[in-house]
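J.: The structure is given below, and queries will be raised subsequently.
What follows draws every value from the coordinates through simple rules; no lab data is involved. Just so you know, these numbers come straight off a predicted model, no measurement behind them. Cβ coordinates were reconstructed from backbone atoms using ideal geometry, including for glycine residues, and neighbour counts include every protein chain displayed.
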Amino acid sequence: MHLSLTPIALPGATGSVALDYLAVDRAGGKVWVPAGETASVDVIDAKTGQVTRVEGFPTVEKEGRAGKRMMGPSSVTIGEGFAYVGNRGSSEICAVDLAKLAKGACVALPSSPDGLQYVAATKEVWATTPRDKSITVIDAATPGKLAIKTKITFDGEPEGYAVDQARGVFYTNLEDANKTVVVDAQAHKVTATWEPRCGKDGPRGLALDAAKGLLFVACTDHVQVLDAGHGGAPLGKLAAGEGVDNIDYVEELRQLYVAGGKTGTLTILRADDKGNLTLLASGPTAPGTRVVVAGKDGTAYVADGKQGRILALTISP
């Protein structure tokens, strides 16, 4: 099998755009793209490819790893009736009505947010805030009145996230400590620490098959599967390009999506009940494309920030 690629231009992009944490609303058939310097979030209709802009997000020039640059909306998570947008520039999280595509209430964080995850069991948004080795928990029970609830601290920098909504269990990695951490979502306390064995570069993104108890850990050049129901015991692993960061998984299809930024590839893997991975399809994307989400039909959406676009890839015979 091979991959067919369709580029989708982002309307606010005039050059390269910093693209990081995309999100997919599988129930609504939408892909959410926080488009950094454009001060907008672009919402792609999965059926038509039409792009709608949600504007009005501030941009701020800040010092980053590569020097000073303009920063803006950088992460999204989908909640109940609302999406939540994190902004590295303003250090805010803002609610956006899913139906109206209208920006609503915002809350400022003491540290710049990285990734976001909505936790349905507690009606909270969890924001990884790696600069102070923490996760900031935001009360989203009333989306019009977002408020910081608490902070969970770690012995390392949290990177990546996955949540078992039914069991109320949150997972994150400690990139600089090469650990995977299990957190009780109700108690806001760490209950276990596991070894993903990612090597010196540490773990990055996470994905979960909640029904099978399989936790997928993105290492920079492969995926390691951990047994979430039995103390994080290592199961299968498989190489999947180089420069891996965020990954995604469609549980109904048993398909795992892995974008390699250094190799410029997308790899789609299939997981069996025992956590073994096999290659389903692989194909070229573009240099630097390390972020991917997938729709319920299996279409992958890869962030190509250097060219200000999203790449939609589907499996073809």
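J.: Scanning segment 300-317 for residues that are of a type in the set (Val, Ile, Thr) and surrounded by fewer than 19 Cβ atoms within 10 Å (Cβ to Cβ), which turns out farthest from Ser75 (Cα to Cα)?
T.: Here the residue is Ile315.
J.: Mind checking which pairs have a first residue in segment 241-268 that is at positive phi and a second that is surrounded by fewer than 20 Cβ atoms within 10 Å (Cβ to Cβ) and of a type in the set (Lys, Arg), Cβ under 7 Å, 6 or more apart or different chains?
T.: Gly243/Lys262; Arg254/Arg270
J.: May I ask you to verify whether Ile148 is crowded, with 18+ Cβ neighbours inside 10 Å, in a strand (DSSP E or B) and not hydroxyl-bearing (Ser, Thr, Tyr)?
T.: Spelling it out, it is not the case that Ile148 is crowded, with 18+ Cβ neighbours inside 10 Å, in a strand (DSSP E or B) and not hydroxyl-bearing (Ser, Thr, Tyr).
J.: Collect the residues in segment 51-98 that are within 13 Å of Leu19 (Cα to Cα), in contact with an Asp or Glu (Cβ under 7 Å, 6 or more places away or on another chain) and in a strand (DSSP E or B), keeping them in residue-number order.
T.: The answer is Met70, Ser74, Ser75.
J.: Additional query: Any chance you could count how many residues in segment 104-124 are outside any loop (DSSP other than H, G, I, E, B) and surrounded by fewer than 18 Cβ atoms within 10 Å (Cβ to Cβ)?
T.: Going through segment 104-124 one residue at a time, the tally reaches 4.
J.: Go through segment 125-136 and count every residue that is surrounded by 21 or more Cβ atoms within 10 Å (Cβ to Cβ) and either more than 16 Å from Gly205 (Cα to Cα) or hydrophobic (A, V, I, L, M, F, W, C) (or both).
T.: 5
J.: Among the residues of segment 177-196, write down those that are surrounded by fewer than 16 Cβ atoms within 10 Å (Cβ to Cβ), under 15 Å from Gly231 (Cβ atoms) and in contact with a strand residue (DSSP E or B) (Cβ under 6 Å, 6 or more places away or on another chain).
T.: Once the filter is applied, which keeps residues that are surrounded by fewer than 16 Cβ atoms within 10 Å (Cβ to Cβ), under 15 Å from Gly231 (Cβ atoms) and in contact with a strand residue (DSSP E or B) (Cβ under 6 Å, 6 or more places away or on another chain), segment 177-196 yields Thr191, Ala192, Thr193.
J.: What do you reckon, is Thr220 in a loop (DSSP other than H, G, I, E, B), under 29 Å from Ala13 (Cα atoms) and touching a Gly at 6+ places or on another chain (Cβ under 7 Å)?
T.: Spelling it out, Thr220 is indeed in a loop (DSSP other than H, G, I, E, B), under 29 Å from Ala13 (Cα atoms) and touching a Gly at 6+ places or on another chain (Cβ under 7 Å).
J.: Name the pairs: first residue in segment 226-240 and without any contact (Cβ under 8 Å) to a residue 24 or more places away in the chain, second residue assigned to a strand (DSSP E or B), Cβ to Cβ under 6 Å, at least 6 apart or on different chains?
T.: Close Cβ pairs (under 6 Å, with a partner that is assigned to a strand (DSSP E or B)) amount to Ala233/Asp227; Ala239/His222.
J.: What residue, of Leu280, Leu311, is more than 25 Å from Thr38 (Cα to Cα) and either hydrophobic (A, V, I, L, M, F, W, C) or without any contact (Cβ under 8 Å) to a residue 40 or more places away in the chain (or both)?
T.: Leu280
J.: So, one more: What tally of residues in segment 1-26 results from selecting those that are aromatic (Phe, Trp, Tyr) and surrounded by fewer than 19 Cβ atoms within 10 Å (Cβ to Cβ)?
T.: The qualifying residues number 0.
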